Each structure stands twice: as C-alpha cells, then as structure tokens.
There are 6 protein chains.
Amino acid sequence: MDNINESRFERGTRALAEIDGAGGQKVVDSLADIAPDFARYIIEFPFGDIYSRPGLDLRSREIATIAALTALGNATPQLKVHIQAGLNVGLSRDEIVETIIQMAVYAGFPAALNGLFAARDVFQEKHSLAA
Amino acid sequence: MDNINESRFERGTRALAEIDGAGGQKVVDSLADIAPDFARYIIEFPFGDIYSRPGLDLRSREIATIAALTALGNATPQLKVHIQAGLNVGLSRDEIVETIIQMAVYAGFPAALNGLFAARDVFQEKHSLAA
Amino acid sequence: MDNINESRFERGTRALAEIDGAGGQKVVDSLADIAPDFARYIIEFPFGDIYSRPGLDLRSREIATIAALTALGNATPQLKVHIQAGLNVGLSRDEIVETIIQMAVYAGFPAALNGLFAARDVFQEKHSLAA
Amino acid sequence: MDNINESRFERGTRALAEIDGAGGQKVVDSLADIAPDFARYIIEFPFGDIYSRPGLDLRSREIATIAALTALGNATPQLKVHIQAGLNVGLSRDEIVETIIQMAVYAGFPAALNGLFAARDVFQEKHSLAA
Amino acid sequence: MDNINESRFERGTRALAEIDGAGGQKVVDSLADIAPDFARYIIEFPFGDIYSRPGLDLRSREIATIAALTALGNATPQLKVHIQAGLNVGLSRDEIVETIIQMAVYAGFPAALNGLFAARDVFQEKHSLAA
Amino acid sequence: MDNINESRFERGTRALAEIDGAGGQKVVDSLADIAPDFARYIIEFPFGDIYSRPGLDLRSREIATIAALTALGNATPQLKVHIQAGLNVGLSRDEIVETIIQMAVYAGFPAALNGLFAARDVFQEKHSLAA
C-alpha cells in the first residue's frame, strides 16, 4: 500500500479506535481470513473519509448511525457496535434510548423495540461484536 | 375529544408548528378527506408524545429522522419535510448534507445520492410537501 | 403451451379479471414488448396458483396484500392496483383505510401516510396503473 | 399519569391482553428496565388507539399484521407474537399459513419461507417471545 | 398432481438438485409438516420456471441471487444456501466474495459485512440450512 | 488532493466512463452545487476501488448491481443508470431482462415488474439519469 492510502488508513485507524473501540478492531480482525481488503475499506472509507470529516460532531454522527441501523432493522451486530460507539463519544444512555424510541415513528414499533433490546444488551454487557 | 387527549393534541400542534412549519400543517390538511383520525394521530403521537420528550434536543431528533428516512429511501416527501424541519430547528445546510452523506456507509450510495437530491430540492425551493 | 399450463393460465386469467379488473390486464399488456413470459408468470403463479387457493377468502387476501405493499413502501403502482382490487372483491373504503392506518405501527407513519395518499388517488380516480 | 391517558392505557391494556395474551405482557415487562415509557406507548398507541378502532375486525387486523411482518422480514420475534395473536382472535392455522404463503408474491420466497418457519415454531411451542 | 405440473415439478426437482444440492432438499423436507404445497411451489416456480430458463447461465443467476440476498439483508439462511449453490455451479470463492463486497456500494457496509460472515460460515462448514 | 488520491480518482474516472458513460458524468455534475465531495467519493470508492478490482468481470458486476437495485426497489434512477451500464459492458437485453425477472423470486413480483419497466424505459430512450 502506498503512502497516501496509508494516510487515509492511518486516519481511519485512529477514528475507528476512538469511535468503535475494541468492537471495531474485532470486526477488522474477523475479516482477516475471508476479505482482508474489505477490512481495509472499512477503515479507509467510513472511518478515514466519512467520520473524519469536519462539519458534524461525532455525537451527532452516532445519533445518525443508531437511527439508521434501528430503522433498517437488519444489522443488529452493527447496531450494537454503534450503540457502544455512541457511549464512547459521549452520548448518554438516555440520548441513545430517545433516538431509538423515535424510530417507532419512522420505521414502526417492532424496529424500535428490537433496537431497545440491542441497547439493553450493550448497556448490560458493555461489549459488542461487529462494525 | 376529551380534555387530556386535547392536551396531547395541543402539545403536538405546537411541536408540529415549531418543527415542520407550514409543511406539517399541509400534511394534516391533506388527510382531511381520507383519514382525519390519522392526522390527529400524527399530531398526538410523533409530535405530542415523541418530539416533545425531554432527553434529546430537537436538532438531534431531526438528525435522527433525516438519517433514517435517507436510509429507508422510500419516503421522499417525508424526507423533504424533515430536511426543512432540520433547518427550522437550527441545523445548518452543511450538517444536513453531512448526515445524508454518512448514510452511504449504512444504506448504500444510491440512498445517499437520492437524499442529497432531496436536500438540493429543499434548499432551492424552500418549501416542501409532506410529513 | 400445453393443456395443464393452460389450465393454470386459464384459472389465473379468471382470477386476475375478478380481482384486478382492467388494472391487471393493463399490466399484462404493458409487458408484451419487454417480457411477455413474465406476464404469463404473473397470471399463472400469483393468480393461477396463490389467489385461487381455498383456505382464505379474497377479501382477506387483499387485506394482506394492501398491508404488505403499504409496509414495504416501494411499489406504489402495485399498491394502487390492489386498493382497487380490494374494492372489487368487496372491501369497503373504510376497511382499506383501516388496514393502511394500522401499518403506521409496523412500518412507520410515512409508510402509512403514503399508503393513504395512494388510497385517496384510487378512490378519486377509480382507475389505476399497475399490478 | 392523568385520567384520560389512563383511559387510553386501560383500553390498550384490555386490547393487548385480548390479542397478544401472555406474549404482549412479556414484551411490556421486558422494557421495564430500559424504556418503561415505550412500554406505555405500545399499550396506548397500537393497542389503545389502533387495534381498538371499529371498522376492521381483529381477525382482519391480524391478517394485515402477519402479512406486513412477513413481508418486512426483519422482525421475527414480533411476527411470532402476532401469529399467536392470530390464533387468539380466531384465525385458523390454515388461514395464517395462507397469508404467509401469499407473501412470496409480494416480498419473495425467502420472506415467505422464513414466515412459515416462524409459524411452525409458534404452532409447535404455543408460546412466543416479543410484541 | 397432473402430468404437466409434474413436468414443471420434475424439471424443478432436477434444477434444485443441480443448484442447491442437499441444502435445497432440506428446505423442501422442512416444509412437509407446515406447508407442503409451498415446497411444491418452490420447486415449480423458482426452479422449474425461472432457473431453468435459457438466456442466462447458472453462474450469472447465482451472482444475481447472492447480490440480492446480501443487499436485502434479511434472509441469511437463504443467502447461505445460495453461496453454496454458487460454489455448486462453478463460482470461485473469490467471485462470491467480490459479489458480496460490491454490495457495500448499493446496500451499505453492514449488509456486505454480514454477507461476508455468511460466506465464511459456508466456506468453513460446507453445509447450509435453508433455501 | 494528493497524488495517490488522484490515482484512485483517475482510476475511478476511467472506470466510471467505461461503465456508466454519460449517465455517470451527469450524476457527478449534478452534485457540484450540493455535495462535490460526495461526487469525488462516488468516483473513488465504487469505481476507483470496487469496480476496478480484479476477480470479477464487469459483466458479472453489472448483473450483481442490477439484481440488487431491482430487489431493493427504492433507487429507480440508479437502476436505470446500471441497466444502461450493463449494455455498455456487453450484457444483452435478454440477460438484463432475465436478471430482473429472477428477482421476482427473491424480492417479489412488484419489484421485478418495476425493474422491467425501468429496463423498457432505458431500452427505448437509450439515455438515463443518475448513478
């Protein structure tokens, strides 16, 4: 890999560590045997390019991600990582719960309910499984 | 309608006016001939119950809604109303654009692209059509 | 086409005419130049096989279809055809509106709202465009 | 909580018990430590407001819900609760199976297949886990 | 069942065996007690009608199916069956991984990530569970 | 922008031109006033990183994209761009139609039907609107 890609990679590695903590690294490691390039893309694009952009603070970015993953309802492991990430960047448990409850309006009560169960798991276990 | 429901209704009416402005009232009016009870539910539950809750400020609530509707990708009129609502409660155009761009990570580039086109429409026209 | 396929085809043609009326035939016709085999499949599988099954009356089948298409929110032309189909098989406007309103609980308020607007269009125009 | 909210709450509690039985109460209880207000909303809005409306009988309402949750395919615990609810309000196993099979047409064969597996679980276990 | 349906059924049975192998038959068997007609439909329509069509080779058909199920993200058992099916009809592990990675662009990184985890399971276990 | 990012950008620009032709450039241009950085990301990540990967030929990549966008059903402008892109990289109209028809199995008949209508539009107009 060349210098400049390393630079996106390095910036993404720092952002991933700051935001997702151990959960992010676990995801990256879990891809080593199946798609190591995809692990690199996760670091470079979402974290190196997007989360590193100025113009929206990390708390707001995690609210956006928790909202979207709750609404989509088909990526529970990633939702859990980002509920933990929300705590990591300074969201309170209440703010996370409020964000998830609000999704009942836009994606239905089952989506919000399953989001709340994911939050309970994260709050209880304080560790999570995927990106 | 009884007193206390009116109280949710009144609280919701104030919240709807503050957040969605003219766009919200248009939606309510548009339901008069097909499902007036549903117009009342929109005022009472999303606005009277949810957006009126303490624990998450309106700017954060609109980021969550813009993120979710961009990610779901099947409710463009409502996304436009909430892009306008985001401006109404103090989000900058840049913050809205950042929120939508971030959805490329969670729902794909077409979802983000269509969200950006919705934002461009709202920024240009400064009026929108649904809740 | 051989006898027995014709039998599914004939049964499906009758069911399509009974349920979707002119709207169904329009869809079949509209496929003539792009995918005529798919038009045959529509007649044979959904209508010849599924809607022709005993065990659930057509009113209940149309409630199920209107509910699902409202919840999915990405097939408005087909939702309109089935709102008309609901009227054709004996559902009242109120029953259709109730079904759509209920989807706010399972797929969110925007999905229900867009479903209600589709119903208003069908009730006003009394003709529709796709299957 | 004031009188009139109690009235929606009481009406919703009765509807929840009639429709979802033990499954509904389990969901409400499971929210006690994470989002008790959301438990109240589930009772008040879906059950107190929507399922309590005249204009569509409970059998038809459960057909609509089973259809929608099968089609969405991302809320299996809630689908199971409503398959049990369908039995509670008088749907036969055959009517439930017919509703789910029909979803192959509108949401694809995997959605219908996973819905059928959910139904088999409920029919075998006769108890379910979420709302 | 009559002759001609048997002919679709026989053609579908051959296609199912060729494509899905043991995984497909398991699905069919698993439906025996809940919806045997739906097992027949799976054989007749997807396999007897669609996969048996000329005009697109089976390798391309499995790429299409793996792409769609990864993007939808709510049918993991069926995705696994079709990752195995892809191997059965001659796709390399790399081609399957490339198809899944590409879905990050169209359905987001979590969808691609969960698809890759499904592929790793299939590659490791070499057996799968549903259609 | 530095050398290496230009290199991804240049590679992506070539891939975009080869695959999407005029349709791709239109999308990039359309973002100039709302989110020019996102236009750059489209060129760099989907086209510079993903479509430029060896291991899957462009015909197969377009089959995957057409399948996914048909199944998701909420990004018609992008589906049209990629139906045109399929033609650009050597898919026949029949192969595109077969891919779309197959989606009836995985995402339902309405998704396939709307995909076929998108294909008919592209085949007739020979120009398209978004990425």
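Numbers at a glance
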item: Interface B:C - total buried accessible surface [probe 1.4 Å, Å², rounded to 100]; result: 1300
item: Pairwise centroid distance, computed over Cα atoms, of region A:1-61 with region E:1-70, Å; result: 41
item: Whole-angstrom gap from region B:111-125 to region F:79-121, using each part's C-alpha centre; result: 26
item: Cα-centre dipole for the protein assembly as shown with unit charges at Cβ (Lys and Arg positive, Asp and Glu negative), debye to 20; result: 0
item: Residues E:Phe9 and E:Arg53, FRET efficiency given R0 of 22 Å [Cβ-Cβ distance, rounded to 0.05]; result: 0.85
item: Most positive-pole-ward Cα, B:Phe123, B:Ser30, B:Gly86, against dipole of chain B from beta carbon charges; result: B:Phe123
item: Exercise: per-residue mean of other protein chain Cβ atoms within 10 Å, A:110-120; result: 6
item: The protein assembly as shown: calculated mean residue ellipticity at 222 nm from DSSP helix runs of at least 4, using -39500 (n - 2.57); result: -22500 deg cm²/dmol
item: Folded to 0 to 90 degrees: helix F:109-125 orientation relative to chain F principal axis, Cα; result: 60
item: Amide H contacts of C:Gly73 (H built 1.01 Å from N, under 5 Å, at least 5 apart or other chain); result: none
item: Cα long-axis angle, helix B:76-88 against chain B (0 to 90 degrees, to the nearest 10); result: 80
item: Neighbourhood net charge (14 Å Cβ-Cβ; Lys/Arg +1, Asp/Glu -1) for D:Ile100; result: -1
item: Within the accessible area of chain A (1.4 Å probe), percent carbon and sulfur; result: 49
item: Acute angle (nearest 10 degrees) that the helix C:3-19 long axis makes with the longest principal axis of chain C, alpha-carbon atoms; result: 30
item: Taking chain F and dividing mean pair separation by its residue count, relative contact order in percent (alpha carbons under 8 Å, at least six apart); result: 29
item: Distant-in-sequence amide H partners of F:Gly108 (H built 1.01 Å from N, under 5 Å); result: D:Gly108, D:Phe109
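The values are calculated or read from the model by the stated rules, or taken from the named source; none is laboratory data. Since this is a predicted model, take the numbers as computed values, not measurements. Note: ideal-geometry Cβ built from the backbone for every residue, glycine included; neighbour counts use all protein chains shown. Just the protein is used for accessible areas: all its heavy atoms, side chains included, with ligands, DNA and RNA removed. Shrake-Rupley method; radii C 1.70, N 1.55, O 1.52, S 1.80 Å.
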